[in-house]
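The values are calculated or read from the model by the stated rules, or taken from the named source; none is laboratory data. This structure is a prediction, so every number in the text was calculated from the model and none was measured. Methodologically, a virtual Cβ is constructed for each residue, glycine included, from the backbone with ideal geometry; neighbour enumeration extends over all protein chains shown.
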Amino acid sequence: MSILDIRDLVIRTADGRTLVDHLSLSLAPGERLGLIGESGSGKSLTSLAVLGLLPEGMTMSGSIELGDTQIVGASERQLIRVRGHDAAIVFQEPLTALDPLMRVGRQIAEPLGRRRGLKGTALKRAVTAALEQVRLPEPERIARAFPHEISGGQRQRVALAMALACDPRLLIADEPTTALDVTVQSELLDLLDALVREREMAVLFVSHDLAVVAKVAERVLVLKDGRAVEEGAVRDIVNAPREQYTKTLVDSARQLESALVQRSGR
Amino acid sequence: MTPVLELQQVSFAYRGRTAPVVEDIALTVNSGQSLALVGESGAGKTTLLRLLLGLTRPTTGAVRFDGEELKLRDREVMRRFRRSVQCVFQDPYSSLDPRQRVGQIVSEPLRALGMDTRQTAVPKVARALEQVGLPADTAERYPHEFSGGQRQRIAIARATVCGPRVLLADEPVSALDVTTRVKVVDLLKELKQEHGLTLVMVSHDLSVVASLCERTAVLENGRIVEQGTTAEVLGAPRHPYTARLVASVPRLPAAGP
């Protein structure tokens with residue numbers, strides 16, 4: 001029984017261009033899949049489609065089964081029930097994902113209040129707990145802060161706390177560390193890894209960076225121009241890519257990495 | 001040998017603020033020794049680049065070009081400076097005027113520096129575009145017709161058309177996909193080798209730094225905490241921040257079980 005099952009997903013723009021072309025993938029509970037591709041490969045659209053969040057004018061066909069819900073053709077009402085509960089998403093840019101006019105604590109309180117029906121002090125305590133679990137120092141202070149008053153890494157932790165607030169069974173992370181400094185990225189990846197392990201949560205990790213995906217996912221699916229190129233264990237894909245495109249991708253990453261290894265000797 | 005560019009005890013603070021953005025910076029750029037400026041967001045990398053470009057005047061200290069102090073008001077000095085020092089920015093989508101044809105964009109430095117007219121610039125533009133590996137008809141087209149990697153090539157053509165000695169680049173490949181990134185890194189490498197171009201590059205990507213720069217300076221909170229050859233700095237970091245930076249770079253999984 002899989003938590004997410006995508007079959008023959010096709011996403012088209014209003015003027016009929018196909019952006020995602022007969023894509024199929026499935027995720028078992030607790031499994032971590034990396035979706036890798038370059039700009040325009042359709043990786044972000046696929047992740048948005050899972051929560052029925054496609055941009056206006058785009059249409060999808062095929063099948064996306066998330067838990068017990070068929071997302072393709074679902075009503076807004078059904079989608080609201082699914083979002084945050086069956087699957088939640090963390091986006092690339094935490095500054096645009098958070099409401100700039102709302103204190104951080106209230107933004108986390110919203111899903112907690114709605115989903116778990118918490119109020120008053122119980123809600124406040126749950127917010128603090130949510131901030132603590134993403135290892136934010138001084139959770140009370142952060143809860144009172146506005147997004148612009150905290151750093152990029154802290155913001156992304158807040159976004160992660162919001163996504164985890166309702167214990168989703170699947171976490172979708174769309175380039176969650178791309179906007180962060182490399183030291184902050186490394187901390188956040190470790191945190192993400194620990195949190196989903198503890199919760200046995202499934203992860204769909206979208207990224208253009210093979211090395212980053214390798215830190216979180218066990219399996220990867222390589223996308224190009226909306227089509228699946230190759231799928232397999234991270235290690236196999238990186239060390240023995242079968243398709244030409246995957247080879248190019250791996251070689252490029254290797255070429256840069258080897259320059260670093262040569263210069264620094266590590 | 002006189003350094004091409006030099007920052008001597010430079011500090012910079014925004015007007016009305018007491019805390020400096022960068023402080024006590026001593027940095028030299030020698031011809032043929034490309035330099036990387038490495039550090040986290042807010043460390044002052046871009047401010048340093050702006051100082052080196054003469055876009056920002058230091059609050060204290062001096063910027064020297066060929067041993068001579070850079071006087072932002074002296075047109076003659078600045079004209080010579082601009083011929084020798086050009087720049088490329090991070091985002092090829094916002095750094096090219098969408099309403100100008102590529103030919104006009106690339107010829108701009110030649111015209112602005114009074115080296116050429118529109119007519120006499122044409123063969124130089126064609127050569128610059130060829131050098132960055134773009135087809136001949138590129139000059140007639142508009143920026144939106146090109147991909148991100150091609151646009152960055154156009155930006156590099158514009159920066160190199162007047163035959164500069166130094167190219168200042170602010171994260172020149174970080175907005176590009178990895179396969180494109182490798183190609184642009186190769187192009188910059190080629191420009192270094194074949195045209196003796198010296199790069200001063202701001203980057204947070206240590207593998208790009210290692211690919212292109214002989215020297216590296218590490219910035220933290222507006223100060224240079226470590227500088228030396230790239231091999232020394234990345235291979236045997238002395239400052240804890242540098243060590244953390246090197247350790248944080250995600251690596252591809254190794255072969256074997």
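The residues of the range A:250-266 that are in a helix (DSSP H, G or I), out of contact with any Leu (no Cβ under 7 Å at 6 or more places or on another chain) and either small (Gly, Ala, Ser) or at pLDDT 95 or above (or both), listed by number, are A:252, A:258, A:259. Those residues that are within 19 Å of residue B:91 (Cβ to Cβ), outside any helix (DSSP H, G or I) and under 12 Å from the mean Cα position of the chain (by Cα), I need them from the range B:156-182; list them, please. Within the range B:156-182, B:167, B:168, B:169, B:170, B:171, B:172, B:173 qualify.
Pairing residues of the range A:243-266 that are closer than 17 Å to residue A:37 by Cα and at the interface with chain B (Cβ under 8 Å from one of its Cβ atoms) with residues that are of a type in the set (S, T, N, Q) and part of a helix (DSSP H, G or I), at Cβ distances under 8 Å and at least 6 apart in sequence or on separate chains, gives A:248/B:179; A:249/B:179; A:252/B:179. The residue list A:222, A:203, A:182, A:238 contains one member that is at the interface with chain B (Cβ under 7 Å from one of its Cβ atoms), surrounded by 18 or more Cβ atoms within 10 Å (Cβ to Cβ) and within 20 Å of the chain's Cα centre (by Cα), which is A:182. For residue A:121, the conditions (1) without any contact (Cβ under 8 Å) to a residue 40 or more places away in the chain; (2) buried (at least 19 other Cβ atoms within 10 Å of the Cβ); (3) not acidic (Asp, Glu) all hold with the exception of (2). Identify, from the list B:56, B:28, the residue that is outside any loop (DSSP other than H, G, I, E, B) and either at pLDDT 90 or above or surrounded by fewer than 22 Cβ atoms within 10 Å (Cβ to Cβ) (or both). Within the list B:56, B:28, the selection yields B:28. In the set (1) crowded, with 21+ Cβ neighbours inside 10 Å; (2) outside any helix (DSSP H, G or I), residue A:102 fails one condition alone, (1).
Just one of the numbered conditions (1) crowded, with 16+ Cβ neighbours inside 10 Å; (2) under 29 Å from residue B:191 (Cβ atoms); (3) of a type in the set (A, V, I, L, M, F, W, C) is not true of residue B:21: (2). From the list A:247, A:215, the lone residue that is in a helix (DSSP H, G or I), basic (Lys, Arg) and closer than 30 Å to residue B:237 by Cβ is A:215. Looking at residue B:153, is it in a helix (DSSP H, G or I) and either at pLDDT 95 or above or more than 14 Å from chain A (Cβ to nearest Cβ) (or both)? When the stated conditions are applied, residue B:153 passes them.
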